[in-house]
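Have a look at the structure below, then the notes.
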Amino acid sequence: MAENKNSGPRLKLLIIGLAAVQLLDIIIHAATDQLEVLRVSSNAVIFIWLAVAAPGKQKTNPLSTAVGSIGMYLVLNFIFLAREGVTNADQGGELRGMLFVLLFLTLSLSIILTYNLRTTLAK
């Protein structure tokens, strides 16, 4: 019973955290004058998923929506990496470390959110 009471705040915290990572990604790129359409589009996919995934708003299967959204996020980022490379010429050919950190954070939070959404909606 206590787990059920904590699931609402936990979901909100996960949604806010995931949205914050996406916003940070966009801000970093804007501040460094490196806005890329594919990367911002991948952030938008996550924002749209979060709007749909908000508890009580989703009318479809949360797992399929999550997998589709996370999959699209990954595809857009892999296309970006295939086109632009894993190193950044604007930064002296250094590895795109921040991209990989943001990808890891997004995927980790997305997986945790998806699990929590499934267990919350299953109750």
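Counting only residues that are open to solvent by 60 Å² or more (accessible area, probe 1.4 Å) and farther than 18 Å from Arg83 by Cβ, which one in segment 33-50 is farthest from the chain's Cα centre (by Cα)? Ranking the qualifying residues of segment 33-50, first place goes to Asp33. For segment 83-105, the condition of being in contact with a helix residue (DSSP H, G or I) (Cβ under 9 Å, 6 or more places away or on another chain), closer than 15 Å to Leu63 by Cα, of a type outside the set (D, E, K, R) and not in a loop (DSSP other than H, G, I, E, B) holds for none of the residues. Within segment 64-73, is even one residue in contact with a helix residue (DSSP H, G or I) (Cβ under 7 Å, 6 or more places away or on another chain), surrounded by 15 or more Cβ atoms within 10 Å (Cβ to Cβ) and without any contact (Cβ under 8 Å) to a residue 24 or more places away in the chain? Checking segment 64-73: at least one residue is in contact with a helix residue (DSSP H, G or I) (Cβ under 7 Å, 6 or more places away or on another chain), surrounded by 15 or more Cβ atoms within 10 Å (Cβ to Cβ) and without any contact (Cβ under 8 Å) to a residue 24 or more places away in the chain.
The values are calculated or read from the model by the stated rules, or taken from the named source; none is laboratory data. What you see is a predicted model; the values in this text were computed from it and never measured. Here the Cβ is made from the backbone with ideal geometry for all residues, glycine too, and neighbour counts use every protein chain on show. Surface areas here come from the heavy atoms of the whole protein model, side chains and all, with no ligands, DNA or RNA. Shrake-Rupley method; radii C 1.70, N 1.55, O 1.52, S 1.80 Å.
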